[in-house]
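What follows is a set of notes on a single structure, which appears directly below.
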Amino acid sequence: MTEKLQFRRVTGEHVEAEARVDDEELYTAKFLMARRVWLEETELRQHRVSDGSQRSTGYDRLDNEILAGRQLYEVAEWGGYPPEVVRLYGDEATSADPYALFYPYRGRRLSTVGTHFLAEERDAFEVSLLTGLCWLAAAGISHCALSPDTVLWDGEKRQVQIADFSQSMVFGAPREAIPGPSSWIAREQRPGSVGGTVSARDDIWAAGRLIFFVRNHGEELADRGRLAESGLDELLAGVFGPPTGRPTARELLVDRMGHRDPVPRGADRRPWLEEGRRHFWAARQHKHPGAAIPPEAVEVAEGSDRITHTAWVHTDRAAGTEASERVQVPPQAEVTARKASQDKGFRWRRGAG
Amino acid sequence: MTVQILRLTGLADADAEEAAAALLDDLRGHPDLRRLLVLDDTAMLVQHARIYEGLITGKRIQDLLCVALGPRAGNSRVLQLPGNLGGTQGSGVLWVSDPSGIDWRVAAAAIAIGHAGGSTSGLDHLLGLLSVEEIFDGVHAVITQKVPGKVASPGLRLAGADDEAATFAGALAVASRRLTEPGLGSDEPFPGLLPAAAGGVRLLDGGELSRCRDDVIDSVRAATGALARQAGIGGIFRRGYAGVREHVIEAGAALADLRHQVDQLLQEADATGRLSEKQHARVLAVGVQLPAPTAVPTDGGTGPGAPPQSLVHLTIADAIRGGDPLVLVIRRLGLTERELKRRGSASYAQEAERRCPASLPARLADPPQRPSRPASGGDLRDELGLDEAKKAADRLADLMVDVGNREWSTTTPTSDEVARIRIALDGVVKVLTEHAASVADTSSGARGARRTWLGEILTPTLRELVLKVLVAESASPSVGGQEAFEHARDRTAGLLAEWTRDVRTNGVLARPSFATFDIDDAPYADEGDVAEVKEAVLYQPGQVMWQLCGRNDLAALDATVSPQAVWFAPRLNKAALAADLPSETVWTASGSYAGLLRLVPLRAGTAFSSWGSDALAVAPADPAELWP
């Protein structure tokens, strides 16, 4: 089966191409669905929003994947993309049926292969996982949902691949509750106890548990006393405490394990990255008026003329129709209006002027 | 070898002809047509004469049996057959004039009683029976050699026996569940694999380290002796104390030397993998004796009875053969693995300091010029640190043996070696668990009892299969953990498939190629099950049976002679039944039946087999049938 795809490459250019598609469903994040597509000989994964009553959640999750993918691309430089994180190929983010295109994932979920590690592989796993988190930190992103189901292991290359950025958030944004089992979600992200802002110290909690999981042949950490038995008490000291006192992935990798920082110095502060980040915030505000953004980005966001518009179009994506109604919403009412619209199954999209 | 079935019933002539020709031509799809069972309409047999001729002269069929379905053509009292069927030269024909059949005793005066059958028709049972090679051969032999005119009406007496393949699959599931059940038992590492037991390291007498330790001990002993002598002559005097002091200083120097040797060796022989040649030489040079490495299997673990030689394999084989559930073995291997992680000898520097603080040799090297106060020999020994020096020397020596066992010995299993076996076992367990889950857990009734009995018998052999997989992993270790898992999974599935094939050919109790001993072939002795089979097989063939014949066709059967019969029973029960059943009993490897198939011949003149179309019209009538 073939389908015509029109999308924006992560490199910026627009592409219109005939794609061969395979309707077999691949495993992917909740509220999303994934399938294989081929652009000529290039195999990709296409992520789309699942049908159903939770479609608006699916849109948000797909947006998170796209925005994280773009930001990682920006920070990683051309040709130097880290294999430890999944790689965005392109996206179509604005239509009624948006999608993201990723390069094929490598490896198998830790929930399947977490018991099959030799000592050397375990060492490689720990280094590779922390390397991936260093790159995420450089991109200013917290994955927020690391678990044996979202981290893959490529036994042949001895590399981790962090997948599923559907619940990722940017550093500085107010934390949101992450649904899921408490074994993999830190207290500050659990429904009922959520608080504070996302930081580079958030993901290390679940990463520490993954390290324990692999060291102990698939056993989940139930008692911190087990860390010493596994020889992890020094490496993971402070990892399971309150977020402010946790080490970052870089601190674990460089200071405690003696490895080099995988992210080139200044990679996260390059001028073009600043520009990219500004676009990132603008795009986020454009797509999610009123969505959480970090305090330091407020100025940037407020300075963008694209987000000071008050004319909005809401589009019924589920029905596949564009622009069904245009309404004027003052900035202070954006959040309420957007939510009310989503509750009705509509999706907001900024209109022109 | 299989029995092929060609269904011509209900087909138009041309279609029937085409079906037969297609079967003959299909060498790829149906490579073996030696046994052919043709299901045809009784009334169409003559019209299909050309088809039978084609089949028989087609050079592909060795034995042909025809099941003729339905009443005779028209109102004829004659069963007309083409020349290739029945008669003196044709193939055997089983005439099923009514597939539902009746209950009937072979006697001219016997009446027909409706058969209270289940959902399976008599014809289906018959076809099921004749699809079993052994029964096909038995029926073919009897009908062509013992039944006049080679045409008979079949009658059935069946006992619900299990299909051998199904019984084996069920028994294997029982054995798999037994091996993979959650393990209760000692949750601790395998002591024999731990460094202290497996390392084999010792300090060579006369080696550098032993000499240093002995020097410390000798000096301490000399100092202690001198102290004792002084105490014996009435107190520690300055002149006598000078001699003691000299020995203490010697002990301090020897201990400093020992500590130095230990520190240097820990640093120089630091490696988390194998020692380099230089490091190895250094370890030997100071008198740490390392055992020679043990041999590993060289045949790739593929030959039957390959001797497992690695320590890990021997230990695991003992545990598994001893009945430890695989899940427990996996857990214990995980705990063992953790104890075997090599940290490098340099990481023991702190431990050396704990065992012999650097301050101790310094203190011994500079003992007080005179005793601080008048003291007994024992007090002074403490003050001088003599006992401490001896203990420190012993502790350092012990540390070197510990470190040698943990870090340098080649006979101590590596954590990766143990991990590979653990992961491989995980792969085995996955396959066995999936197999067990794929077979319904039938634990009640005769069938359940039979499977449980056989499962018990097969369990030791299944354990051998597991060990075979582990030997293969030991012999050619996988590069990574995932590979070890996948190899083990594939090898297990392969060996199970091979075993299933062996069973199909040689029966459930045949020894599979990987087993190192014969399967215990104690006969199955479930009384109820055996009795049911025995009763069905020993049934008198003339008594009431399920005759696949219509009420109106009974008159065509010859009730004046004893019917021929073919007895059959599952090979699974052979040991328990062989002595009691007729010697002609056909023992079947597959098929869901035990019992008896009787073949009632037709009355003389009822069946007429002819090569020419002219002869068909003048088939002789049997006077007895025309004027009963």
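Observations, loosely collected:
- Segment A:20-69-segment B:331-372 distance, computed between alpha-carbon centres (Å): 58
- Relative contact order (%) - criterion: Cα under 8 Å, at least six apart; region: segment A:1-82: 18
- Among the protein heavy atoms, those of B:K534 account for about 60 Å² of accessible surface (1.4 Å probe, every chain in place).
- Using the Cβ-Cβ distance between B:A110 and B:T88 with R0 = 25 Å, the FRET efficiency computed as 1/(1 + (r/R0)^6) comes to roughly 0.25.
- The protection proxy used here, the mean number of other Cβ atoms lying within 10 Å of each residue, ranks peptides A:243-255, B:252-264 as follows, highest first: B:252-264, A:243-255.
- Rolled with a 1.4 Å probe across the full set of protein chains, the surface gives A:F117 an accessible area near 0 Å².
- Dipole magnitude (debye, nearest 20) for segment B:1-118, charges at Cβ of Lys, Arg, Asp, Glu: 360
- If both residues of a DSSP beta bridge must be in chain B, then about 45% of such bridges are antiparallel.
- Estimated FRET transfer efficiency (A:R190, B:R395; beta-carbon r; R0 51 Å; 0.05): 0.55
- Solvent-accessible area per residue, Å², over segment A:2-104 with all protein chains present [probe radius 1.4 Å]: 44
- Complex-versus-alone comparison for segment B:410-430, residues with a loss of 50 Å² or more in accessible area, probe 1.4 Å: B:D416, B:R422
- Averaged over peptide B:331-344, the number of partner chain Cβ atoms lying within 10 Å of each residue's Cβ comes to 2.
- Sparse packing (at most 10 other Cβ atoms within 10 Å of the Cβ) combined with a DSSP loop state is found for the following GluC sites (Glu not before Pro) in segment A:1-106: A:E13, A:E40, A:E41.
- Pairwise label distance in nanometres, B:R370 with A:R108, each label 7 Å out on the Cα-Cβ vector: 8.1
- Each of B:L23, B:A165, B:T452 was scored by the projection of its Cα onto the charge dipole of chain B, and the greatest displacement toward the positive side belongs to B:T452; charges sit on the C-beta of Lys, Arg, Asp and Glu.
- Accessible area in the full protein assembly, largest first, 1.4 Å probe, for B:K468, A:K4, B:K59: B:K59, A:K4, B:K468
- Working note: Cα atoms of chain B, range along each principal axis, descending, whole Å: 147, 47, 32.
- Computed over chain B, the per-residue total of -39500 (n - 2.57) for DSSP H runs of n ≥ 4 gives a 222 nm mean residue ellipticity of -15000 deg cm²/dmol, rounded to 500.
- Between the listed residues A:A124, A:T112, A:I141, the Cα displaced farthest toward the positive end of the dipole of segment A:108-256, a dipole computed from Cβ unit charges relative to the Cα centre, is found at A:I141.
- Pairwise FRET efficiency - A:R260 versus A:R224, Cβ, R0 = 30 Å, nearest 0.05: 0.55
- Working from Cα pairs under 8 Å separated by at least six residues, relative contact order for chain B is 24 percent.
- Multiplying the residue separation of B:Q289 and B:R551 by 0.36 nm and subtracting their alpha-carbon distance yields 84.9 nm.
- Amide H contacts under 5 Å for B:A607, placed H, 5+ residues apart: B:L79
- In a DSSP loop and with at most 14 other Cβ atoms within 10 Å, the trypsin sites (Lys or Arg not before Pro) in segment B:328-363 are B:R343.
- Inter-label distance, nm, simple model (7 Å from Cα along the C-beta direction), B:Q62/B:E353: 8.5
- Distance from the C-alpha centroid of segment A:196-259 to that of segment B:381-417: 33 Å, rounded to the whole angstrom.
- Charged side chains reduced to their Cβ positions (Lys and Arg at +1, Asp and Glu at -1) give segment A:2-104 a dipole of some 260 debye around its Cα centre.
- Pairs of lysine residues in chain B - Cα separation under 24 Å, sequence separation of 8 or more or cross-chain: 4
- With respect to chain B, whose longest principal axis is taken over its alpha-carbon atoms, helix B:386-403 is tilted by about 30°.
The values are calculated or read from the model by the stated rules, or taken from the named source; none is laboratory data. Note that the coordinates shown come from a computational prediction; the quantities given were computed from them, not determined experimentally. Note that we place each Cβ from the backbone using ideal geometry, even for glycine, and neighbour counts take in every protein chain shown. These area figures cover heavy atoms from the full protein model, side chains too; ligands, DNA and RNA do not enter into them. Shrake-Rupley method; radii C 1.70, N 1.55, O 1.52, S 1.80 Å.
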